[in-house]
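Visitor: I'd like to ask you about the structure that follows.
The values are calculated or read from the model by the stated rules, or taken from the named source; none is laboratory data. Just so it is clear, the structure is predicted and the values come from calculations on it, not from any experiment. Cβ placement follows ideal geometry from the backbone for every residue including glycine, while neighbour counts extend to all protein chains displayed. Side chains included, ligands, DNA and RNA excluded: accessible areas come from the protein's heavy atoms. Shrake-Rupley method; radii C 1.70, N 1.55, O 1.52, S 1.80 Å.
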Amino acid sequence: MLSVRGLEVSYGKIRAVQGVDLEVGEGEIVALIGANGAGKSSTLRAICGIEKVAAGTVSFKGEDITNLPSHVVLGKGIAQVPEGRMIFGNLTIEENLRLGGLRRSEEKIDTAIADMVDMFPQLRDRLSERGSALSGGQAQMLALARGVIARPDLLLLDEPALGLAPKTAGEIFDIIRGLRDRGLTIALVEQNLRQALAVADRGYVVESGRIVLEGTSGDLLANDYLHEAYLGVKREEA
Ligand SMILES: Nc1ncnc2c1ncn2[C@@H]1O[C@H](COP(=O)(O)OP(=O)(O)O)[C@@H](O)[C@H]1O
Ligand SMILES: [Mg+2]
């Protein structure tokens, strides 16, 4: 469904992404794992047209979408839930949701909002409250709902569990699995190796703007290098 080849992203002299190749197949959950500053967010932002692609190609459903503007990419079926959630605190929860559906008709948005409160019951009685009233976990649910309301085929999630308590993070990952079961394809950025591979089918490990390892979640979890580098323990002890 998504194919990224030789992707490069730079900020002035900083080469944040240096030749990333990755694939996301229909119906998969694919994780992009790496430490802070590895280039994960830059990769996602370049895919969805927010960051300029300096070299390489992004294709989606067989079509070259490299460097198309983000609203055009959204129209083709790729929605992004950004790092830090980016909820508008001074807008109501319903207004935040409507922003995600801007490309759809009013009538369809009303149906979609009804659908979203079914999926995210925590938001049901709070549609008229301001975004700033939400806890971190609720804000993440709103950010997910705002992404899904555009009816994308591919959802890009940037650190959806960042800063959340373990129980809330678990709820978010359950929702992510639920979205996949509803037919969405998902690419997920995570710093936490174990959490990412528990939900993903496959993963890519990013270091300094390059993919250093890729494989099924099972293969990656069994990888000795990952155990030492990311879990800080040898496998026998993990
Ligand atoms: N807007 C920006 N301007 C300058 N440098 C940036 C910008 N965004 C990211 N970077 C740099 O690019 C590198 C990769 O960042 P990022 O893609 O955000 O990594 P990650 O999401 O894996 O933490 C880092 O060195 C970061 O400091
Ligand atoms: Mg990031």
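Visitor: Quick one: if the Förster radius is 30 Å, what FRET efficiency do Asp115 and Glu26 give, using the C-beta to C-beta distance and rounding to 0.05?
Guide: 0.90
Visitor: Tell me, what is the percent relative contact order of the chain, built from C-alpha pairs under 8 Å that lie six or more residues apart?
Guide: For the chain, the relative contact order is 27 percent.
Visitor: On to the next question. Compare the peptides 180-188, 67-75, 151-159 by average per-residue count of other Cβ atoms within 10 angstrom and give them in order, highest first.
Guide: So the peptides 180-188, 67-75, 151-159, ranked by packing, come out 151-159, 180-188, 67-75.
Visitor: Give a quick list of chymotrypsin sites (Phe, Trp or Tyr not before Pro) in segment 3-100 that DSSP marks as loop, anything other than H, G, I, E or B, with at most 15 other Cβ atoms within 10 Å.
Guide: Phe88
Visitor: Assign unit charges at the C-beta atoms only (+1 for Lys and Arg, -1 for Asp and Glu), then state the dipole size of segment 113-238 relative to its Cα centre in Debye, rounded to the nearest 20.
Guide: Computed charge dipole of segment 113-238: roughly 380 debye.
Visitor: In nanometres, what is the gap between the two model label sites at Gln122 and Asp153, each 7 Å from Cα along Cα-to-Cβ?
Guide: Distance between label points: 3.1 nm.
Visitor: Specify the inter-centroid distance of segment 98-115 and segment 1-58, based on alpha-carbon positions, in whole Å.
Guide: Value for the Cα centre distance between the two parts: 29 Å.
Visitor: Mind telling me which of Glu106, Glu51, Glu26 comes out most flexible in a GNM of the chain, alpha-carbon contacts under 10 Å?
Guide: Result: Glu106 has the largest fluctuation of those listed.
Visitor: What number in nm² do you get for the chain if you take the convex hull of its Cα atoms and divide its surface by four?
Guide: For the Cα atoms of the chain, the hull's average projected area reads 12.8 nm².
Visitor: Give a residue-ordered list of calculated ³J(HN,Hα) values for segment 57-65 (Karplus: 6.51 cos²θ - 1.76 cosθ + 1.60, θ = phi - 60°; whole Hz; x for Gly, Pro).
Guide: Karplus-based 3J(HN,Hα) across segment 57-65 equals 9, 10, 10, 9, 6, x, 10, 6, 10 Hz.
Visitor: By DSSP, what percent of the beta bridges with both residues in the chain are antiparallel, rounded to the nearest 5?
Guide: 55 percent
Visitor: Can you compute the charge dipole magnitude of the chain about its Cα centre, using +1 on each Lys and Arg Cβ and -1 on each Asp and Glu Cβ, nothing else charged? Give it in debye, rounded to the nearest 20.
Guide: Here the size comes out at about 540 debye.
Visitor: Now for a separate question. Taking Rh as the Kirkwood radius, which is the inverse of the mean 1/r over Cα pairs, what is the Rg/Rh value for segment 130-195?
Guide: 0.95
Visitor: Moving to a separate point now. Express in nm, to one decimal, how much length is gained between Ala222 and Glu207 on full extension, taking 0.36 nm for each residue of separation and deducting their alpha carbon distance.
Guide: 3.5 nm is the gain from fully extending Ala222 to Glu207.
Visitor: At 222 nm, what value in deg cm²/dmol follows for the chain if DSSP H runs of at least 4 each add -39500 (n - 2.57) and the sum is divided by all its residues, to the nearest 500?
Guide: Helix-only estimate at 222 nm: -10500 deg cm²/dmol.
Visitor: Counting C-alpha atoms alone, how compact is segment 94-221: give Rg to one decimal and Dmax as a whole number, in angstrom.
Guide: According to the Cα coordinates of segment 94-221, Rg and Dmax are 15.7, 46 Å.
Visitor: At q = 0.12, 0.15, 0.16, 0.19 Å⁻¹, what log₁₀ I(q)/I(0) does a Debye calculation on the Cα points of segment 1-112 give, no solvent, two decimals?
Guide: Here log10 of I(q) over I(0) equals -0.50, -0.75, -0.83, -1.07.
Visitor: Roughly what % of Cα-Cα distances in segment 34-87 sit above 14 Å, to the whole percent?
Guide: 53 percent
Visitor: What whole-number value in Å² describes the accessible area per residue of segment 1-61 for a 1.4 Å probe?
Guide: Each residue of segment 1-61 exposes 41 Å² on average to a 1.4 Å probe.
Visitor: Another question, then. Percent of accessible area on the chain owned by carbon and sulfur, 1.4 Å probe?
Guide: Taking all protein chains in place, the chain shows 49 percent carbon and sulfur surface.
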